[in-house]
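A.B. asks: Take this structure, written in structure tokens, and hold onto it; I'll ask about it next.
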Amino acid sequence: MSEGRERTSLVPLVLWSATLLRTLVGFQPHSGQDNYHGKSDGYGGDYEAQRHWMELTWHLPIADWYRYDLQYWGLDYPPLTAYVSYVCGAASEWLVGPETVELFGSRGYEDPIHKAFMRGTVLALDVMIYYSAVYVVSKRLGNNESERLWILILALMQPAIILIDHGHFQYNTVSMGLALWSFHFMTKGFDDKTRVKTDNDVGHFSNCVAGSIFFCLALNFKQMTLYYAPAVFAYLLGRCFVRQNIVTDMKRSTVNGQVVKRFAALGVTVILTFLALWWPFVVYTSSYDGNASVSHRLLHIVGRIFPFQRGLFEGKVSNLWCTLSIKPVSIRRRLPEDIQPLIALAVTFLLILPACIKLFFVGRDGASQRKTCNAHLKTLLWGSMSTSLSFFLASFQVHEKSILITLAPASLLIEDATTFVSLLSVVSVWTLWPLIQTDRLQVAYVACTVIFLLLLILRRISIPEKTVTGDSLESYSWGKAIAFAFSTVMIGLHVLEICISPPAKLPDLFPVLWSIFGCGYFCLAWCMTCWRLFSTDMIQMEPMKHTKKAQ
């Protein structure tokens, strides 16, 4: 008991340390600082884009937000991001000065005080939404306080998430935190003491309704949260159904009526949440639109959020399309542009199918007294990791930063598959190296990665060895062999890049190699998530027993 209280008392130190690391990374350059990688017709990168959105939302009528000067960082995120930008724009004018968000005149504004304010907005939202979600979810995972503490530590110290949000400059932890909150609520409605009758009560399914609200908020903050959507839909669809052989004391007509009511409750919740967020764009007409219909105005916004005209991928992302676009395959040149989205959709659908099937049946069996809410949460995390990897590998218009969507659920499974999640975390930040170089975040990259690796070593020392079970990824020598092989490749390519200059005819040699090897590992990682979901009944799985190391 005293050990549990002692480890719980370490939580404030963990939160403070994670915040300190984020603050220190914030002193490093942001994307596009001093227009280091700017374009001739634009300025800066994501930092300037976010600042510009604060500028335009604060000054312009809401109907013009998605219409104003689209050639200069036009708004292309969903409405909730726009509303947050509005609030941040107001705070910037009041706390720092009106020159920071002056319409048109503030373009390229990079005053150090305002940069501190911008960094502060990311940090504040990170702490409020992502920290809280990770803390709540981590309390439901692991077999003891020690494991839960390490889940919290390693999830908050993820180097890729810290470097992109607090170095490069984005607000990814807001949407990921909202998604984690949704997973928490969706799986919260039943536990070991729950029996069939109580699970059929409306009060328990209301947690799924609450979870769907949080997920809609996540979708409306950043569209990449759609990577989780198939997993969420499949699980909630399963929760709408009740197996007839389980509910022996209910008539079939009652069961069918319950299915309809639950599905309707979720549908109405989603519609009302989206309607609340999108209503201003329905009511108000932009000065750019004239007498355009409501559907035309909404389709324009959707087109901004999902820019299919940009092509299969951006940068040297470690996915299938970028890898297959390298000579001699050159798939992007061989496929007509108009069918590329359809092919990407078809491949993505095939990849998400295994996880969706598993999650549907897990959700459908939620009424069984053998199931536990924490096991459902764990399965939903594995499923969302699988579908997000599917989208990252095969969907249309993928950026290298999208791997963060996979890392959010993966980070919380560190005690479930230590070697796999550890390697996934390191490979993910490694694949961001070309972007890190562009942003001049090399020092932060080395520091964050080394700190994470040291924490992994400390965890290995502090937690007693687990008694290996049949489904444990740690029990297979090939898993460790893969980890050793990819670790060698990652270190080797870094060394080669330092020692060897690429040939003049192959200036992108090293970014391409990063993409190829990163894609290779992410394909293996997708296979691992499917294997994990289907190799064992995760719901019936007993917690791992522990043995102390020999003294």
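The values are calculated or read from the model by the stated rules, or taken from the named source; none is laboratory data. Note that the structure is a prediction, hence the values are computed from the model and not measured. With ideal geometry, Cβ positions are generated from the backbone for all residues, glycine too; neighbour counts draw on all protein chains shown.
A.B. asks: Are any residues in the range 298-335 farther than 21 Å from Phe522 by Cβ and basic (Lys, Arg), and if so, which ones?
C.D. replies: Scanning the range 298-335 gives Arg304, Arg310, Lys327, Arg333, Arg334.
A.B. asks: Taking into account only those residues within the range 98-125 that are in contact with a helix residue (DSSP H, G or I) (Cβ under 8 Å, 6 or more places away or on another chain) and small (Gly, Ala, Ser), which is farthest from Gly177 (Cα to Cα)?
C.D. replies: Gly105
A.B. asks: Answer yes if at least one residue in the range 519-535 is modelled with pLDDT under 90 and either over 24 Å from the mean Cα position of the chain (by Cα) or acidic (Asp, Glu) (or both), and no otherwise.
C.D. replies: Yes, the range 519-535 contains at least one residue that is modelled with pLDDT under 90 and either over 24 Å from the mean Cα position of the chain (by Cα) or acidic (Asp, Glu) (or both).
A.B. asks: Enumerate the pairs (first residue in the range 325-348 and touching a residue at least 24 places away in the same chain (Cβ under 8 Å) and under 24 Å from Ile516 (Cβ atoms); second residue anywhere and in a helix (DSSP H, G or I) and of a type in the set (Ser, Thr, Tyr)) with beta-carbon separation below 7 Å, excluding pairs fewer than 6 apart on the same chain, so at least 6 apart or on different chains.
C.D. replies: Thr348/Ser390
A.B. asks: Can I ask one more? Tally time: how many residues in the range 268-295 are touching a residue at least 12 places away in the same chain (Cβ under 8 Å), farther than 23 Å from Leu56 by Cα and either among the polar types (S, T, N, Q) or in contact with a His (Cβ under 6 Å, 6 or more places away or on another chain) (or both)?
C.D. replies: 2
A.B. asks: Also, I was wondering about something else. For the range 432-448, does any single residue satisfy the condition of being polar (S, T, N, Q) and surrounded by 24 or more Cβ atoms within 10 Å (Cβ to Cβ)?
C.D. replies: Checked against the condition, which is being polar (S, T, N, Q) and surrounded by 24 or more Cβ atoms within 10 Å (Cβ to Cβ), the range 432-448 yields no hits at all.
A.B. asks: Do the conditions hold for Ala234, that is, is it in a helix (DSSP H, G or I), more than 22 Å from Ser132 (Cα to Cα), modelled with pLDDT of 95 or more and of a type in the set (A, V, I, L, M)?
C.D. replies: So Ala234 passes the test.
A.B. asks: For Gly267, all conditions in the list (1) modelled with pLDDT of 90 or more; (2) crowded, with 21+ Cβ neighbours inside 10 Å; (3) not hydrophobic (A, V, I, L, M, F, W, C) hold save one; what is the number of the exception?
C.D. replies: Here Gly267 meets the rest and fails (2).
A.B. asks: Return the pair list, or none, for Cβ contacts closer than 7 Å from residues in the range 303-322 that are in contact (Cβ under 8 Å) with a residue 40 or more places away in the chain and closer than 18 Å to Ser390 by Cβ to residues that are part of a loop (DSSP other than H, G, I, E, B) and among the basic types (Lys, Arg), at least 6 apart or on different chains.
C.D. replies: Correct list of pairs: Cys322/Lys316.
A.B. asks: Further question on the same structure: Among Ser390, Ser462, Ser384, which is under 17 Å from Cys322 (Cβ atoms) and either at pLDDT below 95 or of a type in the set (Gly, Ala, Ser) (or both)?
C.D. replies: Result of the check over Ser390, Ser462, Ser384: Ser390.
A.B. asks: Is it true that Leu342 is hydrophobic (A, V, I, L, M, F, W, C), under 20 Å from the mean Cα position of the chain (by Cα) and over 28 Å from Gly45 (Cβ atoms)?
C.D. replies: No; evaluated as a whole, the condition is false for this residue.
A.B. asks: Can I ask one more? Regarding the range 410-421, can at least one residue be identified that is over 19 Å from Arg140 (Cβ atoms) and out of contact with any Pro (no Cβ under 9 Å at 6 or more places or on another chain)?
C.D. replies: Yes, because at least one residue in the range 410-421 is over 19 Å from Arg140 (Cβ atoms) and out of contact with any Pro (no Cβ under 9 Å at 6 or more places or on another chain).
A.B. asks: Give me the residue from the range 65-85 that is surrounded by fewer than 19 Cβ atoms within 10 Å (Cβ to Cβ) and touching a helix residue (DSSP H, G or I) at 6+ places or on another chain (Cβ under 9 Å) and, out of that set, nearest to Asp439 (Cα to Cα).
C.D. replies: Taking the candidates together, the pick is Tyr72.
One line per residue, one yes/no per condition, for (1) surrounded by 24 or more Cβ atoms within 10 Å (Cβ to Cβ); (2) not β-branched (Val, Ile, Thr):
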| residue | (1), (2) |
| --- | --- |
| His114 | no, yes |
| Phe117 | no, yes |
| Asp126 | yes, yes |
| Ala160 | yes, yes |
| Leu163 | yes, yes |
| Thr187 | yes, no |
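A.B. asks: Among the residues of the range 130-176 satisfying the criterion of being at negative phi and of a type in the set (Gly, Ala, Ser), which is nearest to the chain's Cα centre (by Cα)?
C.D. replies: Checked the range 130-176; the qualifying residue nearest to the chain's Cα centre (by Cα) is Ser175.
A.B. asks: Of all residues being crowded, with 24+ Cβ neighbours inside 10 Å and assigned to a loop (DSSP other than H, G, I, E, B) in the range 411-422, which is modelled with the lowest pLDDT? Just the residue, please.
C.D. replies: Here the residue is Ile414.
A.B. asks: Same structure, new question: Find the residue count for the range 488-520, including only residues that are more than 17 Å from Ser425 (Cα to Cα) and of a type in the set (S, T, N, Q).
C.D. replies: 1
A.B. asks: Which one is farthest from Ala210 (Cα to Cα) among residues in the range 268-298 that are part of a helix (DSSP H, G or I) and among the polar types (S, T, N, Q)?
C.D. replies: Ser295
A.B. asks: Taking Val317 as the residue in question, decide whether it is in contact with a His (Cβ under 7 Å, 6 or more places away or on another chain), β-branched (Val, Ile, Thr) and part of a loop (DSSP other than H, G, I, E, B).
C.D. replies: yes
A.B. asks: Among the candidates Ala375, Ala355, which residue alone is within 30 Å of Trp278 (Cβ to Cβ) and either in contact with a Ser or Thr (Cβ under 6 Å, 6 or more places away or on another chain) or modelled with pLDDT under 95 (or both)?
C.D. replies: Unique residue meeting the criteria: Ala355.
A.B. asks: Inspect the range 480-494 for any residue being surrounded by fewer than 16 Cβ atoms within 10 Å (Cβ to Cβ), over 30 Å from Glu145 (Cβ atoms), among the β-branched types (Val, Ile, Thr) and at pLDDT below 95 and give the result as yes or no.
C.D. replies: Scanning the range 480-494 turns up no residue that is surrounded by fewer than 16 Cβ atoms within 10 Å (Cβ to Cβ), over 30 Å from Glu145 (Cβ atoms), among the β-branched types (Val, Ile, Thr) and at pLDDT below 95.
A.B. asks: Among the residues of the range 423-433, are any within 19 Å of Ser17 (Cβ to Cβ), modelled with pLDDT of 90 or more and within 26 Å of the chain's Cα centre (by Cα)?
C.D. replies: Checked against the condition, which is being within 19 Å of Ser17 (Cβ to Cβ), modelled with pLDDT of 90 or more and within 26 Å of the chain's Cα centre (by Cα), the range 423-433 yields at least one hit.
A.B. asks: Every residue in the range 32-66 that is in a loop (DSSP other than H, G, I, E, B) and at pLDDT 95 or above, please.
C.D. replies: Within the range 32-66, Leu60, Pro61, Trp65, Tyr66 qualify.
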